[in-house]
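Asks: This is the structure I want to talk about, given as structure tokens.
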Amino acid sequence: MRPILILGGIILALVLGKLFLFPKSDDEKGGQVKGSASPAKGSKGSGGAVPVEVYLAKMEKIDNILYAPGTVVPNEEVELKAEMAGRLIKLNLREGATVAKGQLIAKINDNELQAQLAKLEYNAALNRSREERQKKLLKIEAISQEEYDIAMNNVSTTQADKNLIMAQLEKTEIRAPFSGTIGLKSISEGAYMSPGTPVVTLVQTNPAKVDFTIPERYARDIRLGSTVQLSLDGDAARYPARVVALDPKVDENLRTQRVRAILPNPKHLFVPGMFVKVQVDFSNNSTAIMIPTDAIVPVLKGKKVFIIKNGKAQEVTVTTGLRTDQKVQITDGLKPGDSLIVTGIMALKPDVSVKVK
């Protein structure tokens, strides 16, 4: 009996201790577990304006510089060829040498033509003598006018035959049509040549020309006489060249226009066929509103930006122009002094309150 009373006393002591020493927490009284409370109705996540960074729109100088690849072409170039058939008896050239205009390059055998010319010289002298005698006889009416006309005609036809032979003799000589540099020969002395047989190429490299292309959007900006800058690989120097010709049409496939520039080349630094870098400056000291490219948001109907107005984000549609590696030109939609939002743009909506950091 005594053990039962002792056990009952212990249980009673535990119950009283639980009631008075360890009372229930407020969460347990309300039927909720601590840490799982539901948020209050209508509370905000951010609780304030969206922090953003801004860029002040202003007029800036435009560095509208176009870089284009170019190719050096000779000022003049011709492939010298034979005009008539015959054996090449003289080749007066040294490969890579400079020749003057009119200098003899090659000579074809002309013995047969020279013989014909000598024969015509004799006939011409005889016909002139006969014409002089006939003229004296006509004055004394010893012959008719017709007989004198025949003698005069013989003089004229002989001279015409002589001119024909002289023209053929001229074709036996190949001369330099302009001053330039001789290329590599294609034939040797003693060879038989047919009309059209190539002999050598003559190239004039001073001055030199450079051909390059520009996008069609710049076709209205480039002008005859304007200056472009040229540079060569491995050479830090820049060489000015003057625009001398513009292709009158735009390539409909590539949408580009061909341009030709010319520059002095006394040291023959620019060799025909060489690649050069062409720099064309279209800036003309003009200014425009330039903004960071990160501020532009592409949309279905164009492009837009966000500006701050009365403490709120406002959406503005813009028109862009020239683009550089970091900035883009705004041709319409912004004015100097506008505060342009440049961070957190994708999360913005019109009329959202913003705060400049």
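Only the coordinates and a few stated rules stand behind these numbers; no lab work does. Note that the structure is predicted; figures quoted are calculated from it, not measured.
Asks: Please give the contour-minus-distance gain from Glu141 to Gln326: 0.36 nm per residue of separation, less the Cα-Cα distance, rounded to one decimal in nm.
Replies: Values: separation 185, 0.36 × 185 = 66.60 nm, distance 10.23 nm.
Full extension of this stretch gives 56.4 nm more.
Asks: Work out how far the C-alpha atoms of the chain reach from end to end along every principal axis, then list the three figures in whole Å, largest first.
Replies: Here the spans come out as 190, 55, 36 Å, largest first.
Asks: Further question: How far is the Cα center of the stretch 166-238 from the Cα center of the stretch 86-155, in Å?
Replies: Result: 37 Å between the Cα centres.
Asks: List the lysines whose Cα lies under 27 Å from the Cα of Lys327, skipping any in the same chain that are fewer than 8 positions away.
Replies: Counting by Cα, and skipping residues close in sequence, Lys327 has these lysines nearby: Lys58, Lys61, Lys277, Lys301, Lys303, Lys304, Lys309, Lys312, Lys335, Lys349, Lys355, Lys357.
Asks: Hydropathy at least -1.0 by Kyte-Doolittle, axial extent at least 15 angstrom from the Cα trace: which helices of the chain, defined as entire DSSP H runs, fit?
Replies: Values: long enough: 2-21 (28 Å, 2.11); 111-139 (43 Å, -1.25); 145-171 (40 Å, -0.73).
Going by DSSP H runs, the hits are 2-21, 145-171.
Asks: Name the lysines eligible as straight-distance cross-link partners of Lys162: C-alpha to C-alpha under 17 Å, and not fewer than 8 places from it in the same chain.
Replies: Result set, ordered by chain and number: Lys119, Lys171.
Asks: If you don't mind, another one. What fraction of the Cα pairs in the stretch 110-171, stated in percent, has a spacing above 15 angstrom? Display every interim value, and only then the final one.
Replies: Details: 1009 of 1891 pairs.
Counting pairs separated by more than 15 Å, the tail of P(r) holds 53 percent.
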